[in-house]
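Asker: First, the structure itself, so that you have it in front of you.
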Amino acid sequence: MKNILILSSALGLTCLAAGFILTQAENLTADAREEARLAERFAAMQAIFPEGDFNEHLEPITITSEEGRDFLFYPAKKNDQLIGFAAFGTSQEGYGGRIRTLTGIDLQKEQIRKVSVTEHSETPGLGTQVTNRREQKKIWDLWRQKDEPETTEKKLEPNRFLDQFDQRSITRENFRVVESEDALDDHEQDLVGITGATVSSQAVTKAVEKTLRVFQLNKTSILEQAGRGESE
Amino acid sequence: MSEPLRQEFSKGLWRENPVLVLALGLCPTLAVTTSMTNGMGMGLATMFVLFGSNLTVSSLRSVIPKKVRIPCYIVIIATFVTLVGMITSAYFPAIDDALGIFIPLIVVNCVVLGRSESFAARNPLGRSLIDALGMGVGFTVTLMALGGAREFFAAGTLFDYQIIPGWEHEFMLLKLAPGAFIMLGLFLALMNWHNARQARRQGRTYKPPAEMNCAHCKLCTGDWLKTSG
């Protein structure tokens, strides 16, 4: 009996200490983590709208969908003219849970400009083929002299899957992920998924689809709120 | 470094290599070694956690009662993993970008628990730390070799740099799960063949280090409850 008490109190104390350390760390790092997340978000937005100005202190226009998920719309402006929105949407159906996507909505062309994934927990090497944009490097470029001048602007690296969203119409709301290029049927609607990352491909597509749907449903209210932000 | 200490470090690299000899941590090994970069990321993140958990377990080894030691180790390791995740995402966004996805996977890495149980819990602090470094380096190098081989034969690239010009279509088998098993099997066979040959030359038969590897470990069978204390 006494033994059980000693054992359980030892385990209890360990857990207590662990809990204490973790809550302290959580509190101490919460602000810094939020800041890092926002900085990352703005960097991703700036990469999609290099010419756009984003007001970093402005709260995004938030629309809550019927499932209770939040969609954030940051207005992108050029010379005080609204050119588009950087829209954040989420999907819970990723292989590792939640995926947050950033869709660049181009208002003038009524097209998707670029799609990026800003938060995910997909498997490295498989799901990340869908979510991460990666530079194409060649070994012989290491010795070749660099001709292009160094730019400070963050360039968007290519991604086989995400680049398929470029220039699609923003009124589309039913994309289809197919297995291979042979199965491509409708070039407006179909996307070729990545082998080994079908679930991630579908989750990203769903998040983008949902973002566009929320945008279309609430277009007047979003545009109105973006206009109000302008006059302030 | 004195001779025994140096051995404590170098055993992790070859003689008691965590993956190829002890067969520990195979789950993350198979899952993330799709490229050399990923192997290195996973290895470094694991080494960091291994160092922290060996440090804590070794310093607390006389305090923790034997019968509840495994749950205690798991709590300690999970705490370390969460702490590492929080700190990198708050203050080192560049590292978080590269290693962030590996950090949650370390909780399921039995290299960490295995070294806590079979080494740090029985050895003084200094030796435990050196053991953690050696095992960490051994794990990292093995994962890089495995990832490098898979990446090279799948796409002709290493560290994401294309080495063979004109390799356009990836040989997907090696990038996917079956390729991980095939490549790891080849590595293990090569290691066993080499060890057996060396042992034969010295006139003995090869035996893996006893009571160290996955087959001898009784953690997951629950036998540790009966045999200890």
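What follows is calculated from the coordinates using simple rules that are stated; it is not laboratory data. Note that the structure is a prediction, hence the values are computed from the model and not measured. Methodologically, a virtual Cβ is constructed for each residue, glycine included, from the backbone with ideal geometry; neighbour enumeration extends over all protein chains shown.
Asker: Using the alpha-carbon centroid of each, what span in Å lies between segment B:24-99 and segment A:16-84?
Answerer: What the calculation gives is 29 Å, centre to centre.
Asker: Using a Förster distance of 41 Å, how high is the FRET efficiency between A:ASN174 and B:ALA94, based on the Cβ-Cβ distance and rounded to 0.05?
Answerer: Numbers: r = 38 Å, r/R0 = 0.94.
Taking R0 as 41 Å, the efficiency between A:ASN174 and B:ALA94 is 0.60.
Asker: Can you tell me the orientation of helix A:219-231 relative to chain A, as the angle in degrees between its alpha-carbon axis and the longest Cα principal axis, to the nearest 10?
Answerer: Long axis of A:219-231 versus the principal axis of chain A: about 90 degrees.
Asker: Something else about it: Between B:ARG6 and A:LEU58, how many nm apart are label points set 7 Å from Cα along the C-beta direction?
Answerer: Going by the 7 Å Cα→Cβ label model, 6.6 nm.
Asker: Give me the percent relative contact order of segment B:3-227, please, defined on Cα pairs under 8 angstrom at least 6 residues apart.
Answerer: Numbers: 302 pairs, mean separation 75.7, N = 225.
Once divided by the residue count of segment B:3-227, the mean separation gives 34 percent.
Asker: When the Kirkwood radius is taken over all Cα pairs of the protein assembly as shown, what Stokes-Einstein diffusion coefficient follows at 10 °C and 1.306 mPa s, in µm²/s?
Answerer: 63
Asker: Now for a separate question. Using Cα-only point scatterers and the Debye equation, what is log10 of I(q)/I(0) for segment B:23-104 at each q in 0.14, 0.20, 0.23 Å⁻¹, rounded to two decimals?
Answerer: With one equal scatterer per Cα and no solvent, log10 I(q)/I(0) is -0.54, -0.95, -1.11.
Asker: Okay, next question. May I ask for the angle, rounded to the nearest 10°, between helix B:69-91 and the longest principal axis of chain B, with both axes built from Cα atoms and the value confined to 0 to 90°?
Answerer: The angle comes out at about 50 degrees.
Asker: Using Stokes-Einstein with the Kirkwood hydrodynamic radius over Cα pairs, what translational diffusion coefficient do you get for segment B:111-153 at 20 °C and a viscosity of 1.002 mPa s, in µm²/s rounded to a whole number?
Answerer: 187
Asker: Treating only the Cβ of Lys, Arg, Asp and Glu as charged (+1, +1, -1, -1), what charge dipole size does the protein assembly as shown show about its Cα centre? Round to the nearest 20 debye. Kindly include the intermediate steps, with their values, before the conclusion.
Answerer: On the way: 48 positive and 52 negative charges, 622 e Å.
So the magnitude is around 2980 debye.
Asker: Could you sort out which of B:LYS11/B:LYS67; B:LYS11/B:LYS207; B:LYS66/B:LYS207; A:LYS77/A:LYS114; A:LYS78/A:LYS219 sit more than 27 Å apart by Cα distance in this structure?
Answerer: Listed pairs above 27 Å: B:LYS11/B:LYS67; B:LYS66/B:LYS207.
Asker: Counting other Cβ atoms within 10 Å of each Cβ, which trypsin sites (Lys or Arg not before Pro) in segment B:6-51 have at most 15 and sit in a DSSP loop?
Answerer: B:ARG15
Asker: Follow-up question, since we're still on this one. How many nm separate the modelled label positions at A:GLU93 and B:LEU186, each set 7 Å beyond the Cα in the direction of the Cβ?
Answerer: Those two pseudo-labels are separated by 3.7 nm.
Asker: Right, another one. With axes computed from alpha carbons, what is the tilt in degrees of helix B:125-155 against the longest principal axis of chain B, rounded to the nearest 10 within 0 to 90?
Answerer: Between the helix axis and the principal axis of chain B, the angle is about 20 degrees.
Asker: Name the most mobile residue of A:ALA30, A:ALA87, A:ALA76, meaning the one with the largest mean-square fluctuation, in a Gaussian network model of chain A with Cα contacts below 10 Å.
Answerer: A:ALA30
Asker: Follow-up question, since we're still on this one. Which stretch or stretches of segment A:156-190 have amide N atoms under 15 Å from the point lying 7 Å from B:MET172's Cα along the Cα→Cβ direction?
Answerer: Only A:160-161, A:177-184 pass the distance filter.
Asker: Here's something else I'd like to know. Report the local net charge at A:LEU107: Lys and Arg +1, Asp and Glu -1, summed over other residues whose C-beta lies under 13 Å from its C-beta.
Answerer: Taking every other residue near A:LEU107 into account, the sum is +3.
Asker: To the nearest 0.05, how large is the calculated FRET efficiency for A:SER9 and B:VAL108 if R₀ is 30 Å and r is the Cβ-Cβ distance?
Answerer: Using R0 = 30 Å, I get an efficiency of 0.60.
Asker: Here is a further query. I need A:PHE161, A:PHE42 ordered by Cβ neighbour count within 10 Å, fewest first. Write down the numbers at each step before the final one.
Answerer: Working: A:PHE161 21, A:PHE42 14.
So the residues, fewest neighbours to most, are A:PHE42, A:PHE161.
Asker: Quick one, can you get me the convex hull of the C-alpha atoms of segment B:3-227 expressed as volume per residue in Å³?
Answerer: With only Cα atoms used, segment B:3-227 gives 143 Å³ per residue.
Asker: Still on this structure: With contacts defined as alpha carbon pairs under 8 Å and 6 or more residues apart, what's the relative contact order of chain A in percent?
Answerer: Worked out over chain A, it gives 17 percent.
Asker: List residues of segment B:49-73, by number, whose backbone nitrogen lies under 14 Å from a label position 7 Å along Cα→C-beta of B:LEU125.
Answerer: So the set is B:52-63.
Asker: Let me ask something else. Between B:ASP160 and A:ASP190, what's the calculated FRET efficiency when r is the beta-carbon distance and R0 is 25 Å? Round to 0.05.
Answerer: The calculated FRET efficiency here is 0.30.
Asker: How large is the helix-only mean residue ellipticity at 222 nm for the protein assembly as shown, computed as the sum of -39500 (n - 2.57) over DSSP H runs with n ≥ 4, divided by its residue count, in deg cm²/dmol to the nearest 500? Mind dumping the intermediate values first?
Answerer: On the way: 14 runs with 224 residues, N = 461.
Helices in the protein assembly as shown give a 222 nm mean residue ellipticity of -16000 deg cm²/dmol.
Asker: How long is segment A:73-218 along each principal axis, judged by its Cα atoms, biggest number first, in Å?
Answerer: Computed over segment A:73-218, the largest-to-smallest principal extents equal 52, 44, 30 Å.
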